[in-house]
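**Student:** Can you keep this structure in mind? I'll have questions shortly.
Read the figures in this text as sums done on the coordinates, not as results from a lab. Since the model is a prediction, treat every value here as computed from it, not as a measurement. Please note: Cβ atoms are built from the backbone with ideal geometry, for glycine as well, and neighbour counts cover all protein chains shown.
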Amino acid sequence: MEESNKFRGLLVAIEGIDGSGKTTLAKNLVNRLQDKGYKVHYTFEPTHSIIGKLLRELPDNYRSPLIETLLYAADRVHHYLSEIKAKIDKGYIVIVDRYIHSSIAYQGALGAPLQWIIEVNKHVPKPDLAFYIDVPVEVAIQRLEASRKKKTFYEKKELLRKVRRIYLKLVDKGELILLNGLEKPEEITRKAYDKILSFLRSRAK
């Protein structure tokens, strides 16, 4: 068993369009890290807070990339201050399913200025590590259609293509670690897990 208390807490974000396999990866990482003796906490955005509930139930006439950006940022600040920070302070590895880069990609694709999105999210820390699972939009939509009946607001091919392009630009900038979502879930998990361990070891030196 590896000792988790040798390390400060860690914030790991998992990003990708719906249908990419990000939730599967997040939960696989939780299980694998726990099996190795690490203290791990899984969470997600939007949260179940009042703000997160508002985001899920937002009427179409309120849908604006600017309004959404501000609401997601507010939900994120509350999320960090009420949940994430306390876990990190106690030495947990926090795995968050969507974080800052989701706002940049989605609200950016909808038309909000990217620099402004970054600015309104500056009140929460960037993740220590952020993974992006990349899959073609057509594959993601096929997976979604096979798993559920009701489409979400964001489930439009042209929009998701824009989202994917922004995500890939963030990969090019070194902000996200690219993972191939067409690989088997076990292989994706192994690669992400190895990156996390490598990061922890380098930080401990």
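**Student:** Quick check: Cα centre of the range 43-69 to Cα centre of the range 116-176, how many Å?
**Tutor:** For the range 43-69 versus the range 116-176, the Cα centre distance is 16 Å.
**Student:** Along each of its three principal axes, how wide is the spread of alpha-carbon positions in the range 79-143, in whole angstrom units, largest first?
**Tutor:** The Cα atoms of the range 79-143 stretch 41, 29, 17 Å along their principal axes.
**Student:** Name the long-range amide H neighbours of Ile177: under 5 Å, sequence gap of 5 or more, or other chain; modelled H, no Pro or chain starts.
**Tutor:** Ala130, Phe131, Tyr132
**Student:** Please find the FRET efficiency linking Lys122 to Lys27, where r is the Cβ-Cβ separation and R0 is fixed at 41 Å, and quote it to the nearest 0.05.
**Tutor:** Numbers: r = 29 Å, r/R0 = 0.71.
According to the calculation, E is roughly 0.90.
**Student:** List the relative contact order of the chain as a percent without decimals, with contacts defined as Cα pairs under 8 Å and 6+ residues apart.
**Tutor:** Working: 292 pairs, mean separation 64.6, N = 205.
Over the chain, the number comes to 32 percent.
**Student:** Just order 29-37, 87-95 by mean Cβ neighbour count inside 10 Å, highest at the front, would you? The partial results should precede the final answer.
**Tutor:** On the way: 29-37: 15.9, 87-95: 19.0.
Packing order, densest peptide first, comes out as 87-95, 29-37.
**Student:** Can you tell me the orientation of helix 137-147 relative to the chain, as the angle in degrees between its alpha-carbon axis and the longest Cα principal axis, to the nearest 10?
**Tutor:** Its long axis makes an angle of about 80 degrees.
**Student:** For helix 100-110, what angle does its Cα long axis make with the longest principal axis of the chain, in degrees from 0 to 90 and rounded to 10?
**Tutor:** 20 degrees
**Student:** Oh, and also: Kindly give Rg over Rh for the range 90-205, based on alpha-carbon atoms, with the Kirkwood expression for the hydrodynamic radius.
**Tutor:** Values: Rg = 15.6 Å, Rh = 15.9 Å.
Answer for the range 90-205: 0.99.
**Student:** While we're looking at this one, here's another question. Across the chain, what fraction of all alpha-carbon pairs, as a whole percent, falls in each successive 10 Å bin from zero upward?
**Tutor:** 8, 35, 38, 16, 2, 0
**Student:** For a 24 Å ceiling on Cα separation, which of these pairs sit above it: Lys27/Lys169; Lys87/Lys122; Lys85/Lys126; Lys53/Lys156?
**Tutor:** Values: Lys27/Lys169 26 Å; Lys87/Lys122 20 Å; Lys85/Lys126 12 Å; Lys53/Lys156 22 Å.
In this structure, Lys27/Lys169 exceed 24 Å between Cα atoms.
**Student:** Right, next: On C-alpha positions alone, give me the angle between the axis of helix 157-172 and the longest principal axis of the chain, in degrees, nearest 10.
**Tutor:** 40 degrees
**Student:** Still on this structure, please answer the following. Could you rank the peptides 119-125, 102-108 by their average count of other C-beta atoms within 10 Å per residue, with the highest value first?
**Tutor:** The densest-packed peptide leads the list: 102-108, 119-125.
**Student:** To the nearest 500 deg cm²/dmol, what mean residue ellipticity at 222 nm is calculated for the chain from DSSP H runs of n ≥ 4 alone, each contributing -39,500 (n - 2.57), summed and divided by the residues? It would help to have the intermediate numbers written out before the result.
**Tutor:** Numbers: 9 runs with 106 residues, N = 205.
Mean residue ellipticity, 222 nm, calculated: -16000 deg cm²/dmol.
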